[in-house]
Amino acid sequence: MSEALNLSLQGQAAAIAGGDVDPAELLEAALERIAARNPALNAVVATFPERSREMLAAAPPGPLHGVPIVIKDEWPLPWRAQRFGAAEMLAPTAPGESGPYRALRDAGAVIVGVGNMHELGASSTGSISVYGPARNPWDPERCPGGSSSGPAAAVAARLVAGAVGADGIGSIRYPAAYCGLTGLKPTFGRAAMAGHHMADVSSTIVSGPLCTDAADCRLLGSVLYGEELRKGEPGPVRIGIIRGDVSEDVAPEVRAACEAAIEDLGRETGGEVREIELPELPAATLATVLIANSESLGDITPERLNHLDPELSPIGRGLLKYRVLLPAIATIKAQQVRTLARHTLARLFEDVDLIAWPTVPAVAPPLEAPLVELPSGTLTADEANVRGGALANLTGIPAISVPVGSSQGLPVALQLQAAWGRDELLLDAAEAIERANGRSWVDAVPPVRAETLEA
Amino acid sequence: MEASNTADDFIPAGLAAYGIEADEIELAVIRAAHQTFWPPILELLALDTSGVPAERNPDLSRPPRR
């Protein structure tokens, strides 16, 4: 049965629907594989076999009937409150039916485990968690990406074929890039969000799928959206590229792979590449960070900051305390930058269909020291990654990370962004890239799977 | 007076104003964050956005109203 776990998400769903795979056996195989592979990866931080079996027993017919799924530690389940990767959360939490849980349940899926994440969702690396960091299946000494670190590592190691993450500032796309997956950040408000502890205050966070390829993201995404993400032919795609740090202060091999993928996409669709300008981009990056940080301030009091759980990391404690020093005027300016960027994007999307740049400017850095070497010098991975990840969260547009190459034996990824509501175009374009490169990168197998493929 | 990103005064004074305590490790983290964020914050504050009304309750699922 373990070979069925190596099928795609679509393949597992089809095999179950066709009677070729027994979903009860598949669930047990998934639990066994998690037990076998997870100790080296720490991708899954909780399993609950009886709950999973109950979920399967009650599973209705649906597009994911009987298919095991991992869900990020950011979403409450009826039997488990989220911990947000942290020893302490400032927002109140409780077990409950989150939107993604309901969507999965109603689609017949079986939640088989909870995925690790970066503490408080506060980094693109996944290097800190109350559970200890998840590890990258391509190199366990490397960051898996964050904050949806565990969901990404779980899919890359094929503990499951699909996982649900959350993306507040790139938190689906960064780990997708580091782990060689396809990760979709939906248009704001399009995917299930109920039950998130910041659902009522956040203007940046969305749920979304992490899978090996675009077709699987389409399937899991349709479940999370509650509507079919129809497959289409993208037609001649007009691809916008932007000169500047986001595309040029990038490791040479990453830049070369992404430029080649952009050319591939243009050629595959009969489209073209155009240079465009987005002058608000540098300010938009900071604006996103300021807005996202200010939106969680409602749960903070000086008294609580003076009594933080000592198990919270020093970095987590320090950053929580720094948030109160951020000036209100900067947040107001950030909102104005959001307006400017949204208007500029609306104009740009009259001339182009997609905006493309590397998802992250360098491959996954070491867990011990999450620094990246760029043409401009050494930066923390977070400083470097946020340049490319923030815009979609600030403005609400959808974005997708697509694996397009390899450097130092680690995945390289291209990010595509589209106008509001054109999430389906992103999936169509990602599939066009897969066709153009013969699925070389979505089908690449990390060493942790190659070594234990028969496990 | 020129703006400064010197953290020596701002951080302890700011934390003290709120009555927030921080140990040496937390202070080191806060100083590092301040060094990262403060220069671009000053650049952001210097932007002339006087003619840009922020969208009121923007619908981020759609393009902005014209």
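The values are calculated or read from the model by the stated rules, or taken from the named source; none is laboratory data. Source: prediction; values computed, not measured. A quick note on method: Cβ atoms are made from the backbone with ideal geometry, for glycine too, and the neighbour counts reach across all protein chains shown.
Which ones in region A:200-214 are surrounded by fewer than 20 Cβ atoms within 10 Å (Cβ to Cβ) and either free of Cβ contacts under 8 Å to residues at least 40 places away in the same chain or over 18 Å from A:ASN393 (Cβ atoms) (or both)?
A:ASP200
What residue, among those in region A:351-381 that are among the polar types (S, T, N, Q) and closer than 16 Å to A:THR285 by Cβ, is surrounded by the fewest Cβ atoms within 10 Å (Cβ to Cβ)?
A:SER376
On the given criteria, is A:ARG190 at pLDDT 95 or above, part of a helix (DSSP H, G or I) and not hydrophobic (A, V, I, L, M, F, W, C)?
no
Within region A:5-50, which residues are buried (at least 21 other Cβ atoms within 10 Å of the Cβ), in contact with a strand residue (DSSP E or B) (Cβ under 7 Å, 6 or more places away or on another chain) and among the polar types (S, T, N, Q)?
Within region A:5-50, A:ASN38 is the sole residue that qualifies.
Are any residues in region A:179-202 under 18 Å from A:PRO403 (Cα atoms) and either more than 14 Å from every other protein chain (Cβ to nearest Cβ) or among the β-branched types (Val, Ile, Thr) (or both), and if so, which ones?
Those that are under 18 Å from A:PRO403 (Cα atoms) and either more than 14 Å from every other protein chain (Cβ to nearest Cβ) or among the β-branched types (Val, Ile, Thr) (or both): A:CYS179, A:GLY180, A:LEU181, A:THR182, A:GLY183, A:LEU184.
So is A:VAL114 modelled with pLDDT of 95 or more, outside any loop (DSSP other than H, G, I, E, B) and within 20 Å of A:GLY168 (Cα to Cα) or not?
yes
Residues of region A:137-161 being surrounded by fewer than 24 Cβ atoms within 10 Å (Cβ to Cβ), touching a strand residue (DSSP E or B) at 6+ places or on another chain (Cβ under 8 Å) and part of a loop (DSSP other than H, G, I, E, B), which ones?
A:GLU141
Would you pick out the residues in region A:309-331 that are more than 7 Å from every other protein chain (Cβ to nearest Cβ), within 28 Å of the chain's Cα centre (by Cα) and either over 25 Å from A:SER129 (Cα atoms) or of a type in the set (Phe, Trp, Tyr) (or both)?
Correct list: A:THR331 only.
Could you say whether any residue in region A:260-269 is surrounded by fewer than 18 Cβ atoms within 10 Å (Cβ to Cβ) and either within 14 Å of chain B (Cβ to nearest Cβ) or small (Gly, Ala, Ser) (or both)?
yes
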